[in-house]
Amino acid sequence: MIANRPLLLAAALVTAMVAGPFVAEAQSQDFKKPERLICVSELSSGFAWKNDGWRQTTFNVDDEKFIVQPSRSGTPHEIEVLKIGKATPEYTCHFFVLDDFISNRATCGGIGMGMLVDFKTLRFTSVYTPGFVDGAENNDNTPNITIGKCTPLN
């Protein structure tokens with residue numbers, strides 16, 4: 001059992017890192033999640049290919065808005081993020097659920113891209129990271145992080 005201690009410690013650390021964003025904000029008894037949100041991107045930073053190299057930059061997100069709503073699949077604790085003007089969801093998201101505990105935060109996306117929406121603070125962050133690692137040295141696919149705020153629609 002002692003030989004497995006580093007492995008158990010590593011597993012506990014990974015679990016804490018992965019679950020931390022979900023568990024960090026417990027749902028209080030008097031808080032009721034809004035059913036639907038409209039979320040507006042405010043700032044976006046990242047990297048772009050300029051002058052034969054990757055450089056820090058900002059992106060224009062003035063017209064980037066999302067509707068966050070219960071998933072059309074009807075799956076409990078699942079929501080979807082629809083970019084205004086598009087019919088298909090950008091993301092399917094899940095609330096962290098453990099017994100009677102349901103997080104205020106929904107996590108969306110997959111490997112290298114996604115969104116974290118907090119239904120209590122009404123804020124979100126979204127990230128897109130594959131652009132640099134694909135090896136292309138151009139602006140067709142640029143990594144970025146975006147922040148924004150949401151407003152309840154119900």
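Values quoted throughout were computed directly from the atomic coordinates according to the rules given, and no laboratory measurement underlies them. Please read these numbers as outputs of a predicted model, since none were measured by experiment. Note that we place each Cβ from the backbone using ideal geometry, even for glycine, and neighbour counts take in every protein chain shown.
Looking at the square roots a ≥ b ≥ c of the eigenvalues of the Cα gyration tensor of the range 49-154, which shape do they give, rounded for a/c under 1.5, prolate if a/b is larger than b/c, or oblate?
Values: a/c = 2.24, a/b = 1.96, b/c = 1.14.
Taking the square roots of the gyration eigenvalues as a ≥ b ≥ c, the range 49-154 is prolate.
If you take the Cα centroid of the range 50-68 and the Cα centroid of the range 125-141, the two points sit 11 Å apart.
Here is the list for the range 78-154: GluC sites (Glu not before Pro) lying in DSSP coil, each with at most 16 other C-beta atoms within 10 angstrom of its C-beta, are Glu137.
Checking every one of the trypsin sites (Lys or Arg not before Pro) in the range 77-118 against DSSP loop status and a limit of 10 other Cβ atoms within 10 Å picks out Lys86.
Checking the table Lys83/Lys149; Lys83/Lys120; Lys50/Lys149 against a 24 Å threshold on Cα-Cα, which pairs fail?
Lys50/Lys149
Sequence-ordered 3J(HN,Hα) estimates for the range 104-114 from the Karplus curve with 6.51, -1.76 and 1.60 and θ = phi - 60° stand at 7, 10, 10, 9, 10, x, x, 5, x, 8, x Hz, glycine and proline given as x. Straight-line cross-link reach from Lys86 at under 16 Å between alpha-carbon atoms covers these lysines, not counting any fewer than eight positions away in the same chain: Lys65.
Proximity of backbone amide H atoms, modeled 1.01 Å from N, is registered between Ser71 and Glu78, Ile79, Glu80 at under 5 Å, excluding neighbours fewer than 5 places apart on the same chain.
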